[in-house]
Amino acid sequence: MHEASIVEALLEAARDEMLRAGAERILRLEVTVGALSGVNVEALRFAFDMLAPGTPAEGAELDVVETRALCACRACGEENPVEDPFSACPACGSVDVRIRGGDELLLSSLEVEEKSSAAG
Ligand SMILES: [Zn+2]
């Protein structure tokens, strides 16, 4: 499953971030997934549930932010969100367009539990 290796990479990135923050537990991960990234969000969540146990992200909340691509039309100048990389302009139907964005796949935010500093 494609999504499993993605989640493994995300968990690794999250763990690195957590260690950098001097924390020992991950509370929430926010992952930005573009509509054109080819990632199935359901499968991503499923893979997370499978892989998170035993890692610092065990029990953490997984937030998936889905972004859409923008279709910038050279014919009419409109910019519209699209879900297909081969879209024509939704405004005028021209195929003289440039698709940008929508292929993101990244760990966009991380909430960690700080180590207790009560002891010093
Ligand atoms: Zn157009």
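The values are calculated or read from the model by the stated rules, or taken from the named source; none is laboratory data. Note that this is a predicted model, so its numbers are computed, not measured. Cβ placement follows ideal geometry from the backbone for every residue including glycine, while neighbour counts extend to all protein chains displayed. Areas reflect the complete protein model, heavy atoms only, side chains present, ligands, DNA and RNA absent. Shrake-Rupley method; radii C 1.70, N 1.55, O 1.52, S 1.80 Å.
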**Asked** What shape does segment 1-112 take by its C-alpha gyration tensor, where a ≥ b ≥ c are the square roots of the eigenvalues and a/c under 1.5 counts as rounded, a/b above b/c as prolate, and the rest as oblate?
**Response** prolate
**trypsin sites (Lys or Arg not before Pro) restricted to segment 53-120 and DSSP loop, no more than 13 other C-beta within 10 Å** = 74, 115
**Prompt:** What angle, in degrees between 0 and 90 and rounded to the nearest 10, separates the Cα long axis of helix 2-20 from the longest principal axis of the Cα atoms of the chain?
**Reply:** 50
**Complete:** Under 5 Å from the placed amide H of residue 68, counting only residues 5+ away or on other chains, we find 35
**Request:** Using a 1.4 angstrom probe, figure out how much accessible area segment 43-120 has per residue, in square angstrom, rounded to the nearest whole.
**Result:** 63
**Request:** Evaluate the distance, in nm, between pseudo-label points positioned 7 Å from the Cα of residue 41 and of residue 28 along their respective Cα→Cβ axes.
**Result:** 1.6
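For the chain, what does -39500 (n - 2.57) per DSSP helix run (n ≥ 4), summed and divided by total residues, give at 222 nm, in deg cm²/dmol to the nearest 500?
Taking each H run of at least 4 residues, the total per residue is -8000 deg cm²/dmol.
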**Rounded percent of accessible protein surface that carbon and sulfur make up, the chain, 1.4 Å probe** = 47
**Prompt:** How high is the FRET efficiency from residue 109 to residue 4, r the C-beta distance, R0 22 Å, rounded to 0.05?
**Reply:** 0.50
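Pop the C-beta distance of residue 64 and residue 98 into the FRET formula with R0 = 30 Å and round what comes out to the nearest 0.05.
0.70
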**Asked** With contacts defined as alpha carbon pairs under 8 Å and 6 or more residues apart, what's the relative contact order of the chain in percent?
**Response** 35
**Asked** When the Karplus curve 6.51 cos²θ - 1.76 cosθ + 1.60 is applied with θ = phi - 60°, which whole-Hz ³J(HN,Hα) does each residue of segment 73-81 get, with x for Gly and Pro?
**Response** 8, 7, 7, 10, x, 6, 10, 9, x
